[in-house]
Amino acid sequence: MRLNPAAALAALVLALCGPAAQAQTQTQTQTITTPEQAFGHAVGDDYRLINYQQFERYLHTLAGQSDRMKLLEIGRSTEGRTQYVAVVSSPANIARLDHYRDIARRLAKAEGVDEAQARALAAEGKAVVWIDGGLHATETVPPQALIAAVYEWVTAQDPEALRVLDDVIILFAPLNPDGWDLVSDWYMRNPDPEKREFASLPRLYQAYVGHDNNRDYYLSAMTETTNVNRMLFREWFPQIVYNHHQTAPAGTVVFMPPFRDPFNYNYDPMAMTGLSEVAAAMHNRLIQEGKPGATMRSGASYSTWNNGMERSITYFHNAIGLLTEITGHPTPSRIALVPDNQLPRNDLPAPIAPQTWRFRQSIDYSLSINRAVLDYASRNRDRLLFNIWRMGANAIAKGETDTWRVTPSRIEALETAAGERSGRTADPALYDTVLRDPARRDPRAYVIPADQADLPTAVAFLNSLIKTGVDVDRATRAFTIAGKTYPAGSYVVCTNQAYRPHVLDMFEPQDHPHDLQYPGGPPALPYDATGYTLALQMGVRFDRILDAYAAPLERVPDLIATPPGRLSGRGQAGFVVDHAPVNGFILTNRLLKAGQPVFWLRQPTRAGGRTLDPGALWIPASDASRVLVDQAVSDLGLNAEAVAARPAGEAIALKPIRVGLVDRYGGSMSAGWTRWLLEQFEFPFEVVYPQRLDAGDLKRDFDVLVFAPDLLPSDFPNGNGRRQPAPDAIPEAYRAWLGDITAERTLPQIAAFARAGGTVVTAGSAHRLAMALGAPIDDVLSTTIDGRTRPLPSTDLFIPGALLALDVDRTHPVAFGAPERLDVFFDENAAFRVRDGAQVAGRYPSPTVVASGWAIGPEKLAGAAALVDAPMGQGRVIVLGPDVVNRAQARASVRFLFNALLYGPATVR
């Protein structure tokens, strides 16, 4: 058979290119279903959104058609959908995925790999790049672009793509299946395309936490987060993690890295220099392709300080985390004219003219940026692999010797020591005496003793570390370090491991810089919390080990089951259980549900050879209570003492409670986190909306009403609520959720509820409701201007998400089970002066202690009340000033909420 000249040339080129190129061109002869064929329209068409179920079917179709793709199931979503990762690479790489994944693991963990081995592995391995979309489901460009990206990379035949596929393993990941379906279906429900919208969504696009699903990465509470963390830090170890988002700053198309300061002081500097390299490739690619409008750094507020987001947690795991924020909407929109953004500058080198903007344009930008990242990974494959090893090896080495982190407070100490020379050069000797103070060395390990008051919560903390790839060890027998003996079963987290930056960030206080817009000016708003140390938020007791040590340790292979507690004593009257473990609330709720009596003992109680603090549980013996106590000892890690007689003294008799958790149309994230915690600790509750509150007669259905921090407008009771759709514009099932909490209609009903014996619990900024009800409290952190209450100016008081020490009155039922001092999360909240007989369960110490993060003017809180119990008629208003829930991280302070729920309706005997 004769070949025509073109066919002969193609055959020659293919032969010269070798087997790899031949393997990759095999897909040319296969039939690959296009998006148009699968969905009936192109990805990015105006007024069109493809939902997750459609994408799921399409993924299965492509996986069955292409030898470049393998589809992985990585778990279930909160609502039960299957979550996938599409692995795309050359057919040859797909055939050896386990081999290349193992190389990535060995280099990322770095343990037992020397430099020569690392270079050999880097030369052999393939770069692993994670590209995702859809985390925030109303940001519709990323998930739609993900569809186009998967199709592009299973079909592309251009030389760049073939090189990338040979060098790189791409992990395409839809992050929020539930939200994707919700938003797409809501948008597409309207038959008139020009009336389609998703601004009127009735609920959060992640069932519990909505937008906060991108603040869950170090706690890893949500199932989707845990699925992703397992892929990133326990199974696949990508060197680049690209998290697509939107929206861009006005007058631009996309924000891309690099980010503004501050720089977190825990991670390896190579994480940032590597980020800058990839960012340059991204910006250059868009400019080369004639796609203007990309900004960076000062173009938006994004920084690299906070650990809790998907892209930022990667820095603490020695990977390069990328975030882009792009414009776009399925309904055509416009690029605004912002005068300042028409002048080129370092952070906006190629301005874009104002214009009508189509959805497909945003998709095309996203695909170009993907190409830039993947091209960089291909050209720098061995460097990426070697550098992740180098950062891990650096971390291991630092954990085995004396090291010091230089933070703003240490520079302040240096400047103080330097005296008049501060600001210029200082005596070099101060480097060793101040910046290398032996007492301030970084720990070589952290010991979590097994005999702490709330071991189950300490285990929950350790499981968060394990979910994020941290190695945890357990003592096989008792051991002694620095003269202190720890029992068998204690846990040790060593810092000579690759993920040392993450370990330090979870145990040590964040020392955020004093970041002002200009000298003497107002503070620059941080992107998120400045202080969030998880060990402190969860109330974990731990010891820092500064010197080399030896201990009988074994590696914990996976998530830790709660160690069983101990049932001691032979008494037949009943059981005494310490109030300190938060899991005690689960036991309490199970007992109450079963109709069993439960009491809180108001006086210190002797049990099991030790004295328990006020609030210990007294559980009279019965067949049912014995079964539930046995289960709690076995499964919840509680210790119980069987006693021969009821303990003496006054007791508070608990009773089954009917909790109304207030929410609103569209959903409150704080209420969502609270809802999740109430479910975890088995509290009975019902979600309540403003219409039900306005209807009155609340005591008929509820004993307690809970108001989460973000429910009320900032100037409540004078302000207006959020915009809501007209009832006839939404399905009937959601119309009862509409409405606002108002001074005219709602406050009288809530006041009547409290006067009739109900309990109103407010958390964080919901204190405005308590004040509007007439609770005898005054906010000491506000001022009155022209007859209106205003917060103090930020130049005088600014605490944007930090941990503050709190002193508690452990004899007050709201504070039962708490230590004398703990750390609470404070984010522009209130502190109080009390009057008219209100009781204070917790105050900020004098002087105020900032345990982690940044604060301007914290002295203004000194001595102020934080936890207030105020009578109101036959009921009470309990005001929890700080955010005692804080994204379910604040396990130490959530007990204040739980105590308040049970205490309000209880009776004293």
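The values are calculated or read from the model by the stated rules, or taken from the named source; none is laboratory data. Worth saying up front: this structure is predicted, and the values here are computed from it rather than measured. Every residue, glycine as well, gets a Cβ built from its backbone with ideal geometry; the counts of neighbours run over all protein chains shown.
Cβ-Cβ under 9 Å, sequence separation 6+ or interchain: first residue in region 480-500 and closer than 11 Å to Ile545 by Cα, partner surrounded by fewer than 12 Cβ atoms within 10 Å (Cβ to Cβ). Which pairs?
Ile481/Ala550
Specify the residue that is farthest from Thr223 (Cα to Cα); the eligible residues are those in region 846-890 that are among the acidic types (Asp, Glu) and free of Cβ contacts under 8 Å to residues at least 60 places away in the same chain. Spell out how you get there, then give the answer.
Going through region 846-890, the residues among the acidic types (Asp, Glu) turn out to be 859, 869, 883.
When the remaining residues are screened for being free of Cβ contacts under 8 Å to residues at least 60 places away in the same chain, the result is 859, 869.
Details: Glu859: 40, Asp869: 36 Å.
Across region 846-890, the extreme among qualifying residues is Glu859.
State whether the residues of region 353-362 include one that is under 19 Å from Gly299 (Cβ atoms) and under 30 Å from the mean Cα position of the chain (by Cα).
Yes: one or more hits.
Please work out which residue is surrounded by the fewest Cβ atoms within 10 Å (Cβ to Cβ), limiting yourself to region 456-485 and to residues that are farther than 19 Å from Pro581 by Cα and under 23 Å from the mean Cα position of the chain (by Cα).
Restricting to residues being farther than 19 Å from Pro581 by Cα and under 23 Å from the mean Cα position of the chain (by Cα), the top hit is Asp471.
Only one of Tyr499, Tyr518 is exposed (fewer than 14 other Cβ atoms within 10 Å of the Cβ) and among the hydroxyl-bearing types (Ser, Thr, Tyr). Can you tell me which? Step through it out loud before you land on a result.
Working: Tyr499 fails: exposed (fewer than 14 other Cβ atoms within 10 Å of the Cβ).
After applying the criteria, what remains is Tyr518.
Looking at region 753-774, which of its residues are closer than 22 Å to Asp701 by Cβ and within 31 Å of the chain's Cα centre (by Cα)?
Thr759, Val760, Val761, Thr762, Ala763, Ala766, Leu769, Ala770, listed by residue number.
Quick check on my filter: what residues within region 422-435 are at pLDDT 95 or above and among the hydroxyl-bearing types (Ser, Thr, Tyr)?
Selection gives Tyr431, Thr433.
What are the residues in region 110-141 that are in a helix (DSSP H, G or I) and surrounded by fewer than 23 Cβ atoms within 10 Å (Cβ to Cβ), if any? Outline the logic, then answer.
Kept after step one, since they are in a helix (DSSP H, G or I), are these residues of region 110-141: 115-124, 141.
Residues satisfying the conditions are Glu115, Ala116, Gln117, Ala118, Arg119, Ala120, Leu121, Ala122, Ala123, Glu124.
From the set of residues in region 65-112 that are acidic (Asp, Glu) and out of contact with any Asp or Glu (no Cβ under 6 Å at 6 or more places or on another chain), which is nearest to Thr495 (Cα to Cα)? Even if it seems obvious, please write down each step before you answer.
Of region 65-112, the ones acidic (Asp, Glu) are 67, 73, 79, 98, 102, 111.
Pick out the ones that are also out of contact with any Asp or Glu (no Cβ under 6 Å at 6 or more places or on another chain) and you get 67, 73, 98, 102, 111.
On the way: Asp67: 42, Glu73: 33, Asp98: 28, Asp102: 23, Glu111: 12 Å.
Per the criteria, the residue is Glu111.
Count, please, the residues in region 770-792 that happen to be in a strand (DSSP E or B) and either in contact (Cβ under 8 Å) with a residue 12 or more places away in the chain or under 13 Å from Met872 (Cα atoms) (or both).
Keep residues of region 770-792 that are in a strand (DSSP E or B), which gives 777-779, 782-785, 788-791.
Right, trim to either in contact (Cβ under 8 Å) with a residue 12 or more places away in the chain or under 13 Å from Met872 (Cα atoms) (or both) and you get 777-779, 782, 788, 791.
Summing the residues that are in a strand (DSSP E or B) and either in contact (Cβ under 8 Å) with a residue 12 or more places away in the chain or under 13 Å from Met872 (Cα atoms) (or both) in region 770-792 gives 6.
Filter region 514-545 down to the residues that are of a type in the set (Ser, Thr, Tyr) and either in contact with a strand residue (DSSP E or B) (Cβ under 9 Å, 6 or more places away or on another chain) or in the same structural domain as Gly817 (by TED's automatic domain parsing) (or both) and list them by number.
Residues of region 514-545 of a type in the set (Ser, Thr, Tyr): 518, 527, 530, 532-533.
The answer is Tyr527, Thr530, Tyr532, Thr533.
So Trp186 ticks every box in (1) part of a loop (DSSP other than H, G, I, E, B); (2) farther than 27 Å from Leu322 by Cβ but one. Which box is left unticked?
(1)
Please enumerate the residues belonging to region 150-175 that are touching a residue at least 40 places away in the same chain (Cβ under 8 Å) and more than 29 Å from Arg106 (Cα to Cα).
Tyr151, Glu152, Thr155, Gln157
If you scan region 630-662, which residues turn out to be farther than 14 Å from Pro581 by Cβ, in a loop (DSSP other than H, G, I, E, B), under 38 Å from the mean Cα position of the chain (by Cα) and among the aliphatic types (A, V, I, L, M)?
Within region 630-662, Leu654, Ile657 qualify.
Among Gly637, Gly595, Gly609, which is the only one that is outside the structural domain of Val894 (by TED's automatic domain parsing) and in contact with a Leu (Cβ under 7 Å, 6 or more places away or on another chain)? Full working, then the answer.
Working: Gly595 fails: in contact with a Leu (Cβ under 7 Å, 6 or more places away or on another chain); Gly609 fails: in contact with a Leu (Cβ under 7 Å, 6 or more places away or on another chain).
Exactly one residue qualifies, and that residue is Gly637.
Using the structure shown, decide if Ala733 is more than 32 Å from the chain's Cα centre (by Cα) and in the same structural domain as Asn886 (by TED's automatic domain parsing). Walk me through how you get there before you give the answer.
On the way: more than 32 Å from the chain's Cα centre (by Cα): no; in the same structural domain as Asn886 (by TED's automatic domain parsing): yes.
Taking the combined requirement at face value, the residue does not satisfy it.
Evaluate the following for Arg405: is it farther than 30 Å from Glu197 by Cβ and assigned to a loop (DSSP other than H, G, I, E, B)?
Working: farther than 30 Å from Glu197 by Cβ: yes; assigned to a loop (DSSP other than H, G, I, E, B): yes.
It is true that Arg405 is farther than 30 Å from Glu197 by Cβ and assigned to a loop (DSSP other than H, G, I, E, B).
Which condition breaks for Ala818 when tested against (1) surrounded by fewer than 21 Cβ atoms within 10 Å (Cβ to Cβ); (2) of a type in the set (A, V, I, L, M); (3) under 26 Å from Gly531 (Cα atoms)?
Against the list (1) surrounded by fewer than 21 Cβ atoms within 10 Å (Cβ to Cβ); (2) of a type in the set (A, V, I, L, M); (3) under 26 Å from Gly531 (Cα atoms), Ala818 comes up short only on (1).
Quick grid of which residues meet (1) among the aliphatic types (A, V, I, L, M); (2) surrounded by 13 or more Cβ atoms within 10 Å (Cβ to Cβ); (3) at pLDDT 95 or above:
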| position | (1), (2), (3) |
| --- | --- |
| Asp402 | no, yes, yes |
| Thr407 | no, yes, yes |
| Arg410 | no, yes, yes |
| Glu420 | no, no, no |
| Asp437 | no, no, yes |
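When you scan region 700-735, how many residues do you find that are touching a residue at least 60 places away in the same chain (Cβ under 8 Å), assigned to a helix (DSSP H, G or I) and farther than 20 Å from Leu661 by Cα?
Total satisfying the criteria: 1.
Among the strands (runs of 3 or more DSSP E) confined wholly to region 504-591, which include 1 or more residues that are touching a residue at least 60 places away in the same chain (Cβ under 8 Å) and of a type in the set (Phe, Trp, Tyr)? Spell out how you get there, then give the answer.
Details: elements: 543-545, 553-555, 574-577.
Counting at least 1 such residues, we get 574-577.
Run down Ala426, Ala488, Ala453 and say which single residue is surrounded by 15 or more Cβ atoms within 10 Å (Cβ to Cβ), aliphatic (A, V, I, L, M) and within 25 Å of Pro819 (Cβ to Cβ).
Details: Ala426 fails: within 25 Å of Pro819 (Cβ to Cβ); Ala488 fails: surrounded by 15 or more Cβ atoms within 10 Å (Cβ to Cβ).
From the options Ala426, Ala488, Ala453, the qualifying one is Ala453.
Pick from Gly419, Gly392: which is small (Gly, Ala, Ser) and touching a residue at least 60 places away in the same chain (Cβ under 8 Å)?
On the way: Gly419 fails: touching a residue at least 60 places away in the same chain (Cβ under 8 Å).
After ruling out the rest, the residue left standing is Gly392.
Report the residue count in region 168-183 for those that are in a helix (DSSP H, G or I), buried (at least 24 other Cβ atoms within 10 Å of the Cβ) and out of contact with any strand residue (DSSP E or B) (no Cβ under 7 Å at 6 or more places or on another chain). Lay out the reasoning, then the answer.
Here is the first cut: in region 168-183, the ones in a helix (DSSP H, G or I) are 177-183.
Subset that is buried (at least 24 other Cβ atoms within 10 Å of the Cβ): 177, 179-180, 182-183.
Next cut, out of contact with any strand residue (DSSP E or B) (no Cβ under 7 Å at 6 or more places or on another chain) only: 179, 182-183.
Number of matching residues: 3.
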